[in-house]
Amino acid sequence: MMKKTTLLSLLAMSAIAQGDGFGDIADNAIDSANDAADEGAAIADGALDDAAAIAADAEDDAIEGVEDASKAAKTVETGDRDPSDWRYWNGSSWWIGIIHCVDVLWWVIWGHFVYIKTNTSDDNVREYAWESGTSYDALPIGWFWTHLAHPTNGFTAATYLFIWLFYLIISIPQVIFWIWQLVEDEADKCKGISGTWLFNMWASYPGLYGSWVLYFLPVLMPILQMGQINGDIFAPGWINAIVQVSMMTLTWLATGLIHILFVPALNQEWTDKCETKAPVAVKVPEPVTEVVEVIDEVEPDVDDGNDWD
């Protein structure tokens with residue numbers, strides 16, 4: 001009987017000891033679970049914060065993109081342009097087209113038909129008719145070809161050559177392209193090599209640079225002609241040289257300045273009409289609502305199922 005009682009006491013003490021061990025294990029498990037929950041909540045909070053920041057940045061970028069696209073899509077038709085900005089001056093094609101019409105008129109008058117004599121003895125632009133044995137006043141368009149190397153009026157001949165050649169190269173195509181883009185259908189203006197594209201391209205390069213460089217030569221040649229005759233105001237060719245310098249300087253400066261002032265507006269008009277697409281509607285993301293999951297922490301009862309206590 002004594003042995004049995006002792007055995008039962010030992011067993012009871014062993015069970016109590018084991019129960020205390022199970023409690024420690026349970027406490028450690030609870031602590032680990034709490035730590036894991038806290039860590040998971042921190043990660044979730046960080047992820048939500050990052051998502052909210054990304055969404056806010058995306059919203060700002062989307063709004064800025066829409067605003068930029070709206071500004072870029074301004075056109076002449078809407079009238080939504082700053083009149084003080086010379087890129088948006090109206091009538092650029094008309095200014096450029098009209099000045100080249102004046103150049104064509106100058107090309108016809110001063111490159112083909114007009115020579116102004118200094119006096120009645122001025123026979124610079126005269127030809128001899130071998131058939132009849134008489135001389136006559138020739139037209140400059142037919143005269144200058146054979147007098148370019150003449151020792152006294154070669155610069156006068158070169159003046160007519162350069163007027164005829166350079167105004168033909170620069171202004172005749174510009175006027176053709178201008179008329180083309182005026183009569184061109186609106187739907188075809190931005191398609192391929194259209195009249196509008198050709199007019200813009202020609203004004204931007206040959207018209208702008210050619211008017212300053214090539215148009216200067218018909219101004220220079222009469223000056224050299226006056227220098228060759230030593231400023232003798234009664235010499236043949238003097239009055240004609242004075243008139244040519246005046247007329248050619250007028251169109252040289254007018255054409256060049258109009259291109260400088262209005263080519264930027266012409267290019268901007270082309271960009272607005274043909275290269276800038278309408279702004280695409282951008283869906284602005286809705287603000288992110290932070291959701292925090294609440295974890296109910298239930299501490300397990302270490303005495304559950306323990307019959308020894």
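Entry note, the stretch 86-275: relative contact order of 33 percent, from Cα contacts under 8 Å with a spacing of 6+ residues. What separates the Cα centres of the stretch 97-175 and the stretch 237-265 is a distance of 17 Å.
Rounded to two decimal places and with Rh computed the Kirkwood way over Cα pairs, what is Rg over Rh for the stretch 86-275?
My calculation puts Rg/Rh at 1.10.
Residues 103, 272, 60, ranked from the fewest to the most other C-beta atoms within 10 Å, line up as 60, 272, 103. Ranked by how many other Cβ atoms sit within 10 Å of their own Cβ, fewest first, the residues 112, 259 fall in the order 112, 259.
Values in this text are rule-based calculations from the coordinates and carry no lab data. Quick caveat: nothing in here was measured; it's all calculated off a predicted structure. Cβ coordinates were reconstructed from backbone atoms using ideal geometry, including for glycine residues, and neighbour counts include every protein chain displayed.
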